[in-house]
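The values are calculated or read from the model by the stated rules, or taken from the named source; none is laboratory data. Note that the structure is predicted; figures quoted are calculated from it, not measured. Note that each Cβ is placed from the backbone with ideal geometry, even for glycine, and that neighbours are counted across all protein chains shown. Keep in mind that these areas ignore ligands, DNA and RNA; they rest on the heavy atoms of the full protein, side chains included. Shrake-Rupley method; radii C 1.70, N 1.55, O 1.52, S 1.80 Å.
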Amino acid sequence: MNPYQTLSSSLLNDAGLNCQAVFDIADLSNDAREMLIKRCPQALNYRQMILIGHGGQQFWQSLLAVGADMSKDMSKDMSAEADNHPVDDFTVSLVRQFFGNEHAGAAYEIIYPGAYTVSLQELGKLAGWHHDSPFMVGINTTFGSWFAYRAMILANTNLPPTPPVETTSPCHDCGTKICIHSCPAQALNDGEFHLLKCVSYRQQANSRCKDTCVARVSCPVASEHRYSEQQINYHYGRSMRVIAGMVKL
């Protein structure tokens, strides 16, 4: 079991939602609690906040295994006109099953996916999952950069709060900084991430990063958990759609 798998839910863990952190809202730091209430005032009505993510490859395999309808939605989602969110839909379905089957009667509200602008990365840092990387994706020693935040829930549950499990970034002990040297856009060269260089390069016809991130893939940390090429292409394809929309504006 990975150190971030803190709930005994076979439903979540078998589906690859194998990273969980439970926070008692009353015990958050003043800054964290104020930020949460400012962005989600209804947090005052709940005792706990639950952060759920996936690490590694199982979530994607579970997503593809749910049937042909989901696969069709995945294909539609790659078109410029599509407004489908099969990854979010699958996650929300699992969260609802989790509460219905394992915490029936507990009031809850799914904040993410949703309209609220909660900083999932900051919550990940509180949980000990997230450390900053040169290529602007969170990283930890267990999964490298191959994890993602999938849901954040406010709930009146009585789950044991989760203590942070890690404080040191694997980047601190990396002597090669291969991600910086591998970036074809040279967007990381001076130790800072230059978004415009990255976006400009990705838009080039011969870009090596249209549907991937060469810097991220080059990182050796927990490479055994690297997403499949299909999953990488899917997520970076969505980001290219966002970039295309920004350019049109």
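So which GluC sites (Glu not before Pro) in the range 181-245 pass both tests, a DSSP loop state and at most 16 other Cβ atoms within 10 Å of the Cβ?
On the way: sites: Glu192, Glu224, Glu229; in loops: Glu192.
Sparse-neighbourhood loop GluC sites (Glu not before Pro): Glu192.
Contact order normalised by length for the chain, with contacts defined as Cα pairs under 8 Å and 6 or more residues apart; what percent is it?
Numbers: 353 pairs, mean separation 52.5, N = 249.
Computed value for the chain: 21 percent relative contact order.
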Inset, instruction - Using just the helices of the chain, give the 222 nm mean residue ellipticity in deg cm²/dmol: DSSP H runs with n ≥ 4 each add -39,500 (n - 2.57), and the total is spread over all residues, rounded to 500. - result: -11000 deg cm²/dmol
Legend entry - From the coordinates shown, Cα Rg over 2.2 N^0.38 Å corresponds to which of (i) 1.69; (ii) 1.04; (iii) 1.11: (ii)
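In whole percent, and with a 1.4 Å probe on the protein chains, what portion of the accessible area of the range 129-207 is carbon and sulfur? Don't skip to the end; give the middle numbers.
Working: 2180 of 3960 Å².
Answer for the range 129-207: carbon and sulfur cover 55 percent of the accessible area.
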Inset, instruction - Specify the residue with the greatest mean-square fluctuation among Ser218, Ser182, Ser93, computed from a Gaussian network of the chain linking alpha-carbon atoms under 10 Å apart. - result: Ser93
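Which length gain, in nm to one decimal place, applies between Ser29 and Ala205 when the Cα-Cα distance is subtracted from 0.36 nm times their residue separation?
Values: separation 176, 0.36 × 176 = 63.36 nm, distance 4.73 nm.
This chain segment gains 58.6 nm when fully extended.
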